[in-house]
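The values are calculated or read from the model by the stated rules, or taken from the named source; none is laboratory data. All values reported here derive from a predicted model rather than from experimental measurement. Reconstructed Cβ throughout: ideal geometry from the backbone, glycine too, with neighbour counts over all protein chains shown.
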Amino acid sequence: MRVFVYEYLTAVGVGRDPADLLHPMYREGRAMRDALVEDIRRVPGWEAEVLVLAPVEDHDAQVLRIAERCDYTIVIAPEMAGRLEHICCVVRSSAGRLLGPTQEAIRLTSDKLALASYWRERGVPTPATTDREPRGCEAFPVVWKPRDGAGSTATFLIPSALHIPWARGQLHDEGHTGSMILQEFVPGRAASVAFLCGPKGFYPLLPAFQTLSEDGRFHYCGGTLPIPPDLARRAIRLASRAVESVPGLMGYVGVDLVLGDATDGSRDFAIELNPRLTTSSIGIRAVADFNMAEALIRIATGLAPPKFQWRSGGVQFEADGRVVAIGSVS
């Protein structure tokens, strides 16, 4: 079996320069791609192909050619500017099979304003969200971020009216011109839950704490797992509601959460849903006593899931793929 692993930033070279604002996203993408490819190649009889630095004028054609000669394709791409949706559409036009969500699922989850409204209508707790610009009369603090962003680009915590000019200045300096949303800030511990989704159901993996920058920009720095059992149960319960509410999800899906200080989970909120591989997969993979790629493909193709067994101990992982053992990870 041959699997095409497509990762957008390494395929087009966006963020390759260390001075580029998108370089952290480039490193995350490269780390996810390399880990997935390594796992695929560990399965006897399986092969993996990648695309690196394809010319822009021939990019879609190259994606199509590789997808045509592979049995399955897994796409890793940011949701912003419709990139994930576009590449998935290109792959779907090939004879190979895309192990990813439907176009409708991508479109809904990529639009953070639409997703927030969708979740609230279905009783999934999520922060109040609007598309207006911040004003001096807000119930501060608030979060201002792109409507279709990824990697915490152009994302700001605005603690007071005095900080609005600063956020606008940063937005201008970073050259972001897309639509923005304003979101209620909810305090708590940032966490995530990943799922492997297929036609027979969705299966949660180990929840993780997220490590975010403390400069008001929410830059993703990595995470730790496993998390305490009571918090893990709360995280899986809420994330499962979030995933179950969205039809058409397939493959690897990550849900970002905030776990509040109420022990009954009443102050827990779903923040975003990423319909593709996320960086937490690197940490999860480090404690998985099974092959993550094999499990993903089995579940996405409708086969029975493997037994999810986990090594003892835990890990701390960095956004660029480095893993630091905590305790005993054997």
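Miscellaneous remarks
- Put simply, of Phe209, Phe218, Phe195 the only residue that is under 30 Å from Met292 (Cβ atoms), surrounded by 12 or more Cβ atoms within 10 Å (Cβ to Cβ) and free of Cβ contacts under 8 Å to residues at least 60 places away in the same chain is Phe209.
- The residue pairs whose first member lies in the stretch 229-256 and is in contact (Cβ under 8 Å) with a residue 40 or more places away in the chain and at positive phi, whose second member is aliphatic (A, V, I, L, M) and crowded, with 20+ Cβ neighbours inside 10 Å, and whose beta carbons are closer than 8 Å, counting only pairs six or more residues apart or on different chains, are Gly248/Ala105; Gly251/Ile74; Gly251/Leu99; Gly251/Leu196; Gly251/Leu277; Gly251/Leu296; Gly251/Ala300.
- Which listed residue is part of a helix (DSSP H, G or I), of a type in the set (A, V, I, L, M, F, W, C) and not assigned by TED's automatic domain parsing to the domain that holds Arg33, from Ala262, Ala286, Ala270: Ala286
- Qualifying residues in the stretch 49-61 (those that are within 23 Å of the chain's Cα centre (by Cα) and aliphatic (A, V, I, L, M)) - the one modelled with the lowest pLDDT: Leu53
- Hits in the stretch 74-111 - residues which are within 23 Å of Arg27 (Cβ to Cβ) and in a strand (DSSP E or B): Ile74, Val75, Ile76
The rows are residues; the columns are (1) crowded, with 16+ Cβ neighbours inside 10 Å; (2) at pLDDT below 95; (3) touching a Cys at 6+ places or on another chain (Cβ under 9 Å).
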| site | (1), (2), (3) |
| --- | --- |
| Arg27 | yes, yes, no |
| Ala35 | yes, no, no |
| Val43 | no, no, no |
| Glu47 | no, no, yes |
| Val63 | yes, no, no |
| Cys70 | yes, no, no |
| Ala77 | yes, no, yes |
| Ala81 | no, yes, no |
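- Annotation note: of Ala95, Ala77, the sole residue that is farther than 25 Å from Gly149 by Cβ and either among the aliphatic types (A, V, I, L, M) or not assigned by TED's automatic domain parsing to the domain that holds Arg27 (or both) is Ala95.
- A count restricted to the stretch 176-192 and to residues that are surrounded by 15 or more Cβ atoms within 10 Å (Cβ to Cβ), within 21 Å of Glu79 (Cβ to Cβ) and among the β-branched types (Val, Ile, Thr) stands at 1.
- Yes/no for Arg241 being within 20 Å of Leu108 (Cα to Cα) and out of contact with any strand residue (DSSP E or B) (no Cβ under 7 Å at 6 or more places or on another chain): yes
- Residue among Ala61, Ala54, Ala31 that is free of Cβ contacts under 8 Å to residues at least 12 places away in the same chain and either assigned to a helix (DSSP H, G or I) or at negative phi (or both): Ala61
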